[in-house]
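The values are calculated or read from the model by the stated rules, or taken from the named source; none is laboratory data. Bear in mind the structure is a predicted one, so any value in this text is a computation, not a measurement. No Cβ is skipped: glycine too gets one built from the backbone with ideal geometry, and neighbour counts run over all protein chains shown.
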């Protein structure tokens with residue numbers, strides 16, 4: 001995949017939304033149990049993260065590493081948004 005600075009805002013937003021959906025559905029499944037809605041949300045989030053990675057990947061190793069990179073980038077975008085919100089409150 002492209003490096004972080006080369007990615008568009010839409011791709012960063014997609015990674016953040018799908019990582020948030022992945023975390024939310026995983027937490028929901030841990031608390032409530034396996035339900036069709038939680039499993040479908042989990043599958044949609046994985047598909048949303050994997051599709052751009054697979055389309056831009058050159059080999060299987062690049063696809064796998066790109067998938068985990070997209071998950072981590074989405075999680076970091078969520079954390080970055082939260083910290084910017086709190087820093088904006090106190091500045």
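What do you reckon, is residue 39 touching a helix residue (DSSP H, G or I) at 6+ places or on another chain (Cβ under 8 Å) and in contact (Cβ under 8 Å) with a residue 24 or more places away in the chain? Against the criterion (touching a helix residue (DSSP H, G or I) at 6+ places or on another chain (Cβ under 8 Å) and in contact (Cβ under 8 Å) with a residue 24 or more places away in the chain), residue 39 does not qualify. Do we find a residue being assigned to a helix (DSSP H, G or I), over 9 Å from the mean Cα position of the chain (by Cα) and modelled with pLDDT under 80 anywhere in segment 23-46? Scanning segment 23-46, I find no residue that is assigned to a helix (DSSP H, G or I), over 9 Å from the mean Cα position of the chain (by Cα) and modelled with pLDDT under 80, so the answer is no. Name the single residue, out of those in segment 73-91 being within 27 Å of residue 29 (Cβ to Cβ) and free of Cβ contacts under 8 Å to residues at least 12 places away in the same chain, that is farthest from the chain's Cα centre (by Cα). Step by step, filter segment 73-91, then rank; the result is 82. The listed residues are 66, 88, and the only one of them that is assigned to a helix (DSSP H, G or I) and within 18 Å of residue 12 (Cα to Cα) turns out to be 66. Cβ-Cβ distances below 6 Å connect no pair with a first residue in segment 47-59 that is at positive phi, a second residue that is part of a helix (DSSP H, G or I), and a separation of six or more residues or different chains. Looking only at segment 60-74, residues that are under 14 Å from residue 17 (Cα atoms) and buried (at least 17 other Cβ atoms within 10 Å of the Cβ) come to 4 in all.
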